[in-house]
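Notes to accompany the following structure.
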Amino acid sequence: MAFLVLHSTTSKGRGRIRSVLTPGSVVTTLKNTVDHIVTEYGVAALRGASIDERARRLIAIAHPDHRDELRFNARKAGILR
């Protein structure tokens with residue numbers, strides 16, 4: 001199993017779990033490569049989950065200050081029902 005372990009925020013307080021990548025960001029890991037993502041708020045098991053469920057699980061382990069914005073953006077993008 002592949003785990004990605006990270007702090008939920010950067011040293012400047014910006015959320016590491018994002019609804020959209022920053023322009024110019026480089027993606028080095030495919031979405032189906034990582035089985036679990038771990039932050040200080042828990043573990044998101046992603047293997048086999050739908051896009052909707054993956055988003056919900058990631059939002060649940062994001063920093064609490066960023067969860068409402070993540071939910072809003074995911075709904076706006078049609079990811080969350």
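The values are calculated or read from the model by the stated rules, or taken from the named source; none is laboratory data. Computed from a predicted model, the values in this text were never measured in an experiment. Positions of Cβ are backbone-derived with ideal geometry, glycine not excepted, and every protein chain shown enters the neighbour counts. For the accessible areas, the whole protein counts, side chains as well, though only heavy atoms, and no ligand, DNA or RNA atoms are used. Shrake-Rupley method; radii C 1.70, N 1.55, O 1.52, S 1.80 Å.
Results, tabulated for the structure shown:
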{"item": "Residue ID - nearest to the chain's Cα centre (by Cα), chosen from residues in the stretch 28-45 that are of a type in the set (Ser, Thr, Tyr) and surrounded by 14 or more Cβ atoms within 10 Å (Cβ to Cβ)", "result": "THR39"}
{"item": "Residue satisfying all of: in the stretch 1-16; small (Gly, Ala, Ser) and surrounded by fewer than 12 Cβ atoms within 10 Å (Cβ to Cβ); farthest from HIS66 (Cα to Cα) among these", "result": "SER11"}
{"item": "Residues of the stretch 46-67 that turn out to be out of contact with any helix residue (DSSP H, G or I) (no Cβ under 7 Å at 6 or more places or on another chain) and open to solvent by 30 Å² or more (accessible area, probe 1.4 Å), as a count", "result": "14"}
{"item": "Cβ-Cβ under 7 Å pairs, at least 6 apart or on other chains, the stretch 45-58 side modelled with pLDDT under 95, far side open to solvent by 40 Å² or more (accessible area, probe 1.4 Å) and part of a loop (DSSP other than H, G, I, E, B)", "result": "ILE51/ILE79"}
